[in-house]
Structures are given as C-alpha cells and as structure tokens.
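The block underneath contains the structure these notes are about, expressed in structure tokens.
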Amino acid sequence: MSLAQIKNVTLLVRRLNTSDTKAFSHLFDMFWEDMYLRAFTLVQNEPIAKDIIQEIWIDVWNRRKFLHDKNFEAYLHKAVRNNCYKHFRTKKFNTVHLEVIESLAIHASRTEQKHNLTATQQKVDCAIRKLPKRCQEIFKLSRQQDVPNEKIALDLGISKRTVENQLSRALKTIREALSAE
C-alpha cells in the first residue's frame, strides 16, 4: 500500500470514528475483495466466507468509535483469520480440513498477496478440469455441493479414506496451480 493510500485509509478511519457512513462504504469497497479471498482460501466455502466478511464489517461498524487509524488493514486481516478459525472451532474437522489448514499456515506469506478474484477462480477451474474424472466428481460433491465424505463414499461405492485421498489430491493440485505464477 502506498503512502497516499495509507493516508487515505487513516483519514477514512478517522471519519468512520464519527459515524460517517460514506467513509465506511469507501473502506468496505477498498478491502472487501481481499478479505473475501482470504476467508474463502481458509474455509473453502463461498457462502460461509461471505458470512464471515459480513460479520467483520458489522463488527467494524459497531466498534467504529473505538477503532484506531493505524494498521487498519492489519486489523481487518487479523479479523478474517480469527473469524475463520472461530468458524472451524464450531465445526468438526476431518483429515482434509486439517491438511488444508496446515498447508495454509505453512504458505501464509503467499496468501498475503493480493489476487484478482476472476483470475484465481479461473486457475482453480482449470486445475479441477485437469483432475481425473472420479477425482473431479468427488471434489465437486464435497466442495461445491457440500456432501459429507461418508455419503460420497456410500454413493460411489468406495471407502471414506479413498474419498479423503481424492480430496487431498484435488486440493494439492489446486494449491500447486495457484502457487505457480
């Protein structure tokens, strides 16, 4: 972020402290996409990622009078991470979730970079198309249709472990496609 952008954010946060809705709107426009990408990267679910971001902005508005103008962007990024982790604490983990979280923790510095949402989605779609048909089917059932691993295994006549292995394979392929720049 340039010095001019930092000064602009500082000014907008100060205006937000006085309940300026236009300042809030400008801040939202500046940061929502990056916040969404971070949340989606962690939770791998579009509606949940959007809900997390919405909750953060509601909290920003509720705390508007007490927000500090320094490091506002860092505050938002930390809020995304903490709210995603909060979401995971309320949900049971399976091995695939744990592998993704571990991988994201290792590659956290890469996720700090800004991404173009459309380009990122295209890379993900391309990586999915390169997967074997069965792996694609399992990934789409799990991640796009939210079908539990046990049900996928039962419906496809395979073991739950096979489903988890295929999901791990798909996620690894997607991660590699996203990190290749």
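Being under 24 Å from the mean Cα position of the chain (by Cα), under 30 Å from R143 (Cα atoms) and assigned by TED's automatic domain parsing to the domain that holds A79 is a description that applies to W57.
Taken together, the criteria place E33 among residues that are under 15 Å from E73 (Cα atoms) and under 25 Å from the mean Cα position of the chain (by Cα). Look at region 11-36: where a residue is in the same structural domain as I58 (by TED's automatic domain parsing), no partner that is among the polar types (S, T, N, Q) sits 6+ places away or on another chain with Cβ atoms under 6 Å. For region 55-114, taking the residues that are hydroxyl-bearing (S, T, Y) and at pLDDT 85 or above, the one that is surrounded by the most Cβ atoms within 10 Å (Cβ to Cβ) is identified as Y75. Screening D29 against (1) touching a helix residue (DSSP H, G or I) at 6+ places or on another chain (Cβ under 9 Å); (2) within 29 Å of V124 (Cβ to Cβ); (3) not β-branched (V, I, T) leaves a single unmet condition, (1). Scanning region 37-65 for residues that are without any contact (Cβ under 8 Å) to a residue 24 or more places away in the chain and farther than 30 Å from K172 by Cα returns I58, D59, N62, R63. For region 30-54, a residue qualifies if it is aliphatic (A, V, I, L, M) and modelled with pLDDT of 90 or more, and the qualifying residues are M30, M35, L37, A39, I48, A49, I52, I53. Hey, can you tell me all the residues within region 123-167 that are part of a helix (DSSP H, G or I), under 13 Å from Q44 (Cβ atoms) and touching a residue at least 12 places away in the same chain (Cβ under 8 Å)? Matches in region 123-167: V124, I128, F139, K140, S142, R143, L167.
The values are calculated or read from the model by the stated rules, or taken from the named source; none is laboratory data. As the structure is a prediction and not an experimental result, all values here were calculated from the model. Glycine gets a Cβ as well: all are built from the backbone with ideal geometry, and neighbour counts include every protein chain shown.
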